[in-house]
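As structure tokens, the structure follows; a few thoughts come after it.
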Amino acid sequence: MNNLNNINKENNFKIPENYFDTFSQELETRISEENLKKRFGNKKPFTVPNNYFKIFSVKYKKNERKIIKLIIPWLSAAAGIIIIFALWQFLLTEVNKNKHTETNDTLISTHLNLIADNQIQINENNIEYLEPEINAYIDETDASQLYEYTNNESSDDILNTDNETVYEYFIDYADDNDYTELLAEL
Amino acid sequence: MNAAASENKISELLSEQNYSEAFNLIVEQYKERLYWHIRKIVLIHEDADDVMQNTFIKVWRYLENFKQDSKIYTWLFRIATNESITFINNKKKKEEDSFQNYENFLSSKLESDEYFEGDTAQLILQKAILTLPEKQRIVFNMKYFDETKYQEMSEILGTSAGALKSSYHYAVKKIEEYIKQY
């Protein structure tokens with residue numbers, strides 16, 4: 001008896017969370033469901049054509065698998081060809097770009113050498129062509145030094161201006177001056 | 001072959017990568033159950049047949065990718081449910097384009113359907129079911145006609161059992177309310 005008295009008399013059983021909240025709703029559902037079944041039953045009111053399940057077969061299933069199997073290698077091959085073609089085009093463009101740059105460099109240095117040797121005169125046609133070299137030179141050279149090679153006019157402007165304007169200045173100057181001396185410095 | 005034995009056999013065939021035989025067994029074992037599941041959603045036999053074809057074609061297409069994380073039965077019913085919903089939505093869109101309500105169209109079609117053998121009372125019940133939102137309709141059909149367990153439904157529909165109970169409760173209440181007028 002003493003042992004029984006020692007046992008905790010508190011309720012040790014547990015119930016799911018919200019059990020009593022959902023219980024009344026479920027009971028209500030069951031009652032309504034029973035009423036519906038009493039009136040309508042729960043037998044499906046549908047039928048199928050005779051032997052429908054016996055003769056049922058999935059249409060085109062084999063063809064589809066065959067088609068997929070046939071198409072996949074072709075698709076892979078086509079994708080491969082496209083990638084190779086794109087790579088080839090890319091490489092070709094890069095090579096041409098380099099070739100073009102190399103050709104330009106060679107022509108520029110040939111021009112510069114010819115000018116330095118006084119074999120050709122600089123004019124408005126080849127001054128445009130030498131633009132990158134002139135710009136590079138302007139970048140590296142003090143504007144006042146450049147000014148010495150041109151003339152003494154507008155010296156204040158050329159000392160406080162950007163490369164583009166300096167270049168324009170040289171182009172204008174090219175129209176009626178001999179550049180040999182200037183370009184020999186390039 | 002009972003359901004558990006066929007599930008095991010299908011699993012075995014899939015593990016052996018014998019997809020053709022696994023597929024044939026799937027069609028044989030599940031065509032009727034899937035058909036009735038689909039038919040209760042789309043109602044008309046010809047539509048159910050179309051959805052069945054689409055379902056099995058999907059099964060065939062993705063069988064190799066089926067990881068067997070879920071039961072084959074659950075996977076099949078999930079595909080069938082999704083295919084049915086897609087089919088209904090496409091039909092709805094077409095009907096809406098021609099200014100017709102799809103549910104009204106279906107209920108009038110049922111009245112003249114040679115594969116609907118219900119009496120007037122059954123027709124009233126079907127019309128009442130048609131007033132439910134799509135998901136509620138599926139839940140009601142699965143519970144009321146097939147007595148599917150909530151846990152099973154939860155795996156197929158990807159909704160918690162608690163939410164499904166609530167959904168069924170509201171469906172039953174709405175139907176009860178609808179049939180009061182008859």
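The length gained by stretching the chain between B:ASN18 and B:GLN100 to full extension, at 0.36 nm per residue less their Cα-Cα distance, is 24.8 nm.
Per-residue surface analysis assigns A:LEU87 an accessible area of about 100 Å², computed on protein heavy atoms at 1.4 Å probe radius. Within chain B, the longest run free of GluC sites (Glu not before Pro) that sit in a DSSP loop with at most 11 other Cβ atoms within 10 Å is B:17-113.
Other protein chain C-beta atoms within 10 Å of residue C-beta, averaged over B:27-34: 2.
Over chain B, calculate the relative contact order: mean separation of alpha carbon pairs under 8 Å at least 6 apart, over the residue count, as a percent. Please report the intermediate quantities before stating the final value.
Working: 131 pairs, mean separation 34.7, N = 182.
Once divided by the residue count of chain B, the mean separation gives 19 percent.
If you sort B:TYR73, B:TYR178, A:TYR19 by accessible surface, 1.4 Å probe, largest first, the order is A:TYR19, B:TYR178, B:TYR73.
Loop-located chymotrypsin sites (Phe, Trp or Tyr not before Pro) across segment B:87-172 with a Cβ neighbour count of 14 or fewer within 10 Å are B:PHE99, with loop assigned by DSSP. Over 24 Å apart at the Cα level, from the set B:LYS67/B:LYS135; B:LYS93/B:LYS127; B:LYS67/B:LYS91; B:LYS9/B:LYS135, are B:LYS67/B:LYS135; B:LYS67/B:LYS91; B:LYS9/B:LYS135. Gain on full extension, evaluated as 0.36 nm per residue between A:LEU91 and A:THR47 minus their Cα-Cα distance, stands at 9.1 nm.
The values are calculated or read from the model by the stated rules, or taken from the named source; none is laboratory data. Keep in mind that what you see is a predicted model, and the values were worked out from it rather than measured. Because the Cβ atoms are built from the backbone with ideal geometry, glycine has one as well, and the counts that use them run over all protein chains shown. Accessible surface areas use protein heavy atoms only, side chains included; no ligands, DNA or RNA. Shrake-Rupley method; radii C 1.70, N 1.55, O 1.52, S 1.80 Å.
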